[in-house]
Amino acid sequence: MTRIAIILFGPPGAGKGTQARLLSRALGFPAISTGDILREAVAAGSDLGRTAKSHMESGGLVPDAVVDEIVKERLARQNCTRGFILDGYPRTIPQAEFISGLFAPGKLATVVVGIDVDDDVLLDRLSGRRICPGCRKMFHVRKSPSGAGDRCDECGTGLVLRPDDAEEVVRERLQVYHRNTKPLIDYYRARDQYSKVDGSGSVEAISECILGIVRKRQGAGAAGN
Ligand code: AMP
């Protein structure tokens, strides 16, 4: 059986996490975020977390071999047999080659969607973002503040600024993105697997647009690995 890989692509703050969750709900595929998995490992103080911590806090990338292993382990799980959504992976060409090589030729239909947003908009979004460590709800200090001040209006936990959302770290993450990850667009374009959506619209409009691309590509028999 051919399984579908939906790879969400875009700079930090483009809304990949939100869109991955909506797609997961609509299609019934699990959403896998390497960033979330790494943050959990850092919080748990595991070996993986200790390896990843300094790279993440400086805004750089965690070594390919480390993230490749995480993804390989997740994709081997039973709930990924029809398809899966990747948020934040691959970020480098070797990572893209790694995932394609995990499946026999023709057994993975890859649909890559790039969410396109200007750097200035991203800087404002990320440095104003606050996250509830309790229930993961997200807020923005100006655009969508919590009804409970600096606490979560769902579960009451104190809201936090992710260390890598601090402005100078965001600038570094954007630079890293442009330098390392943009060549991936060319990589997937050359394989006819890449589509772009405008990331400045509403969450719902972007989600509809992405679902439209996925369905169209599914109907046309998406280009294989
Ligand atoms: P994210 O939440 O996807 O922005 O990821 C947060 C941080 O985790 C990144 O700035 C990287 O340090 C690290 N990270 C997440 N995914 C990857 C990946 N595929 N390759 C390397 N580092 C990653």
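Considering GLU172, GLU204, GLU167, which residue is open to solvent by 30 Å² or more (accessible area, probe 1.4 Å), of a type outside the set (Gly, Ala, Ser) and free of Cβ contacts under 8 Å to residues at least 40 places away in the same chain?
GLU204
Residue by residue through the range 173-225, note down the ones that are over 21 Å from ARG3 (Cα atoms), among the charged types (D, E, K, R) and either modelled with pLDDT of 90 or more or in contact with a Pro (Cβ under 7 Å, 6 or more places away or on another chain) (or both).
Selection gives ARG173, ASP186, LYS196, ASP198, GLU204, GLU208.
For every residue, the table says whether it meets (1) in contact with a strand residue (DSSP E or B) (Cβ under 8 Å, 6 or more places away or on another chain); (2) open to solvent by 20 Å² or more (accessible area, probe 1.4 Å); (3) more than 12 Å from the ligand (Cβ to nearest atom); (4) of a type in the set (A, V, I, L, M).
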{"position": "ALA26", "(1), (2), (3), (4)": "no, yes, yes, yes"}
{"position": "PHE29", "(1), (2), (3), (4)": "yes, no, yes, no"}
{"position": "GLU40", "(1), (2), (3), (4)": "no, yes, no, no"}
{"position": "ALA44", "(1), (2), (3), (4)": "no, yes, yes, yes"}
{"position": "SER54", "(1), (2), (3), (4)": "no, yes, no, no"}
{"position": "SER58", "(1), (2), (3), (4)": "no, yes, no, no"}
{"position": "VAL62", "(1), (2), (3), (4)": "no, no, no, yes"}
{"position": "ALA65", "(1), (2), (3), (4)": "no, yes, no, yes"}
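Restrict the check to the range 8-22 and report whether at least one residue is surrounded by 13 or more Cβ atoms within 10 Å (Cβ to Cβ), within 11 Å of the ligand (Cβ to nearest atom) and among the β-branched types (Val, Ile, Thr).
For the range 8-22, residues surrounded by 13 or more Cβ atoms within 10 Å (Cβ to Cβ), within 11 Å of the ligand (Cβ to nearest atom) and among the β-branched types (Val, Ile, Thr): absent.
Would you say TYR177 is touching a helix residue (DSSP H, G or I) at 6+ places or on another chain (Cβ under 8 Å) and surrounded by 13 or more Cβ atoms within 10 Å (Cβ to Cβ)?
Considered against the rule, which asks whether it is touching a helix residue (DSSP H, G or I) at 6+ places or on another chain (Cβ under 8 Å) and surrounded by 13 or more Cβ atoms within 10 Å (Cβ to Cβ), TYR177 comes out as no.
The values are calculated or read from the model by the stated rules, or taken from the named source; none is laboratory data. This is a predicted model, so every value here is computed, not measured. Positions of Cβ are backbone-derived with ideal geometry, glycine not excepted, and every protein chain shown enters the neighbour counts. What goes into the accessible areas is simple: the full protein's heavy atoms, side chains included, and nothing from ligands, DNA or RNA. Shrake-Rupley method; radii C 1.70, N 1.55, O 1.52, S 1.80 Å.
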